[in-house]
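Data block below; observations after.
The values are calculated or read from the model by the stated rules, or taken from the named source; none is laboratory data. As the structure is a computational prediction, the values presented were derived from the model and not from experiment. All Cβ positions, glycine included, derive from the backbone under ideal geometry; neighbour counts span all protein chains shown.
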Amino acid sequence: MAHIDIFRYIANTEGDRNVIGDVHLDGDFIAFSLEDEIRPDGEKVYGKTAISAGTYNWKVTRSNRFKRDMILIEDVPDFSGIRIHGGNTSEDSHGCPLVAFKTDGKRIWSTAEKKITAWAKEQGGSGTITIHDSFLSHEGKFQG
């Protein structure tokens, strides 16, 4: 079964309070991710909160909003319509993981959505995704 991992490792605490991570497709690094701020369990601000770490199912479906095939992350508690798509800052996210080929640790650019969606279709159009919280300490070492 096709698997996507997002390893979230930078939580920006000033300005755009977003989270940067790495996206891996079946174990291979492909792009960077950007998500909204991570909030404590049970605390959600509509359109400004990242989904919780965990494993979810995904499938490629047609988005009525974006008018194209996209990856839909299914059964995310307290969220609906979570798609993997392009964007640059948390203003573009609304809870969705954004994906791109470039980052400066605060924003992302050069969308990877089409490449990741094409891979997902090649894998049969469904699979699982695990969101990992692996934040860097102040010494630059992975935690968790």
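Kindly indicate which of Ile38, Ile51 is modelled with pLDDT under 95 and aliphatic (A, V, I, L, M).
Values: Ile51 fails: modelled with pLDDT under 95.
Sole residue among the options that is modelled with pLDDT under 95 and aliphatic (A, V, I, L, M): Ile38.
Take the residues in segment 70-84 that are in a loop (DSSP other than H, G, I, E, B) and not polar (S, T, N, Q); name whichever of them is nearest to Val60 (Cα to Cα).
Pass one, segment 70-84, residues in a loop (DSSP other than H, G, I, E, B): 74-81.
Still in the running and not polar (S, T, N, Q): 74-79, 81.
Numbers: Glu74: 10, Asp75: 14, Val76: 16, Pro77: 19, Asp78: 21, Phe79: 17, Gly81: 12 Å.
Restricting to residues being in a loop (DSSP other than H, G, I, E, B) and not polar (S, T, N, Q), the top hit is Glu74.
Let me confirm something: among Lys114, Lys102, Lys121, which residue is touching a residue at least 60 places away in the same chain (Cβ under 8 Å) and part of a helix (DSSP H, G or I)?
From the options Lys114, Lys102, Lys121, the qualifying one is Lys121.
Do you know which residues across segment 50-75 are surrounded by fewer than 16 Cβ atoms within 10 Å (Cβ to Cβ) and among the hydrophobic types (A, V, I, L, M, F, W, C)?
Ala53, Phe66
Can you name the number of the only condition in (1) within 11 Å of the chain's Cα centre (by Cα); (2) surrounded by fewer than 19 Cβ atoms within 10 Å (Cβ to Cβ); (3) of a type outside the set (Val, Ile, Thr); (4) in a loop (DSSP other than H, G, I, E, B) that Asp22 fails?
(4)
Looking at segment 42-69, which of its residues are assigned to a loop (DSSP other than H, G, I, E, B) and either farther than 23 Å from Thr89 by Cα or β-branched (Val, Ile, Thr) (or both)?
First, the residues of segment 42-69 that are assigned to a loop (DSSP other than H, G, I, E, B): 42-53, 64-67.
Result: Gly42, Val45, Thr49, Ile51.
Does segment 13-28 contain any residue that is more than 19 Å from Gln123 (Cβ to Cβ), in contact with an Asp or Glu (Cβ under 6 Å, 6 or more places away or on another chain), of a type outside the set (A, V, I, L, M) and modelled with pLDDT under 95?
Yes.
Out of all the residues in segment 83-99, is one or more in contact (Cβ under 8 Å) with a residue 40 or more places away in the chain, of a type outside the set (S, T, N, Q) and loosely packed, with under 12 Cβ neighbours inside 10 Å?
no
Does Gly86 satisfy the criteria of being touching an Asp or Glu at 6+ places or on another chain (Cβ under 7 Å) and at pLDDT 95 or above? Working first, answer last.
Values: touching an Asp or Glu at 6+ places or on another chain (Cβ under 7 Å): yes; at pLDDT 95 or above: yes.
Yes, satisfied.
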